[in-house]
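Where a number appears in this text, it was derived from the coordinates with a stated rule and is not lab data. No experiment lies behind these values; they were computed from the predicted model shown. Positions of Cβ are backbone-derived with ideal geometry, glycine not excepted, and every protein chain shown enters the neighbour counts.
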Amino acid sequence: MKKILALYRKTLKPLAIEEIFDVYFFRIFSFILVLPLNKTKFSPTYFTLLSMISGITSGIFFAQGNYKGLLYGALALGVTNIFDCADGQLARLTQKNSKFGKTLDGLADLITYISIYTGISWHLYVQGYPIWIFIYGFISMMFMFIHIIYFDHFKNEYISYVHPKYNEKSEKLDELEKKYTSLKKKNDSKWILAYLYFLFYKIEYLLVSFSYPENYKGYHSIYDNKRKPTNKIIINYSSMKNIVRLWTFFGATSHIMIFLIFAILNIPLLIFHFISIIYNIALVTLILIQKKKFKTLFNLSSL
């Protein structure tokens, strides 16, 4: 049992950035799928594709306009998240991490989100809500993307300081731009995925800039000044762990749990209310806390 638990731990990200619903539920099921594939040539990409197919299926079920459709849609969405967890866990277990896989995973997630939001919007429309429900669904989906972007950024910032050897960490925009332009000049078809990867980070940096004090522009601003973080800064940033754990509740799985709960309870409209209102109030609150924490941790004049 100890060996199994140790192997399971190896498939996880640093615990501070793991979503609680993943660690204690979804990743357990995905680990069961991943374990027998450890010594095979099975690619994590296959799980990514299965996740996308299951996500589309979930949206189709949601769009049936009845309670049975909500239940089947919730089940399919749960399976989607298990597959989504499995691709990362298999990649970490077999050391098959790649930017291509990460970008493809992001595209699969995007297709899933479009599918489930469209499905719930159509369900509500069939139930008698006016056409504007599709606009409300679209706005809620945009808010979800913003929430996930904030989570992704601050977990990567945390990793960059505290776990610098971990493969998922903050990346520099200029390096990502050079990568996709180089691929484009070589007529390598992968430049499109590289560009999407760059575009995601560009949007991310623009959005999260509101969370930073004026003199601090993120982890890479220190390197831009040709100075590496001191041990004191690294130690201080490790105290950001509790805030990072709060950011995990803005991750994809937490949003999926909202879909699962309110779909099973047969009150799907609350999905949009919860994400658009409750989550945004929490987001603004956490941004203010994060900004205050930055000012406390760093002597900004020395950065």
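In the structure displayed, which of Lys165/Lys293; Lys96/Lys165; Lys179/Lys202 lie more than 19 Å apart, Cα to Cα?
Beyond 19 Å: Lys165/Lys293.
Which value, in Å to one decimal place, does the Kirkwood hydrodynamic radius take for region 2-302 when every pair of different Cα atoms is included?
Numbers: mean 1/r = 0.0489 Å⁻¹.
Final number for the Kirkwood radius of region 2-302 is 20.4 Å.
Mind checking which aspartates and glutamates have their C-alpha under 12 Å from Lys295, skipping anything on the same chain fewer than 8 residues away?
Within reach: Glu214.
Pairs Lys102/Lys169; Lys102/Lys291; Lys169/Lys241: which exceed 23 Å Cα-Cα? Spell out each step's value before the answer.
Working: Lys102/Lys169 12 Å; Lys102/Lys291 29 Å; Lys169/Lys241 15 Å.
Violating the 23 Å Cα-Cα cut-off are Lys102/Lys291.
If I stretch the segment between Ser182 and Tyr166 completely, what's the gain in nm (0.36 nm per residue apart, minus their alpha carbon distance), one decimal?
Net length gain for the segment: 3.2 nm.
Under a Cβ-Cβ cut-off of 9 Å, what is the net charge of the residues other than Ser30 that fall near it, where Lys and Arg count +1 and Asp and Glu count -1?
With Lys, Arg at +1 and Asp, Glu at -1, the net is -2.
Ranked highest first by average number of other Cβ atoms within 10 Å, how do 239-248, 152-161 line up?
Per-residue Cβ counts within 10 Å, averaged per peptide and sorted highest first, yield 152-161, 239-248.
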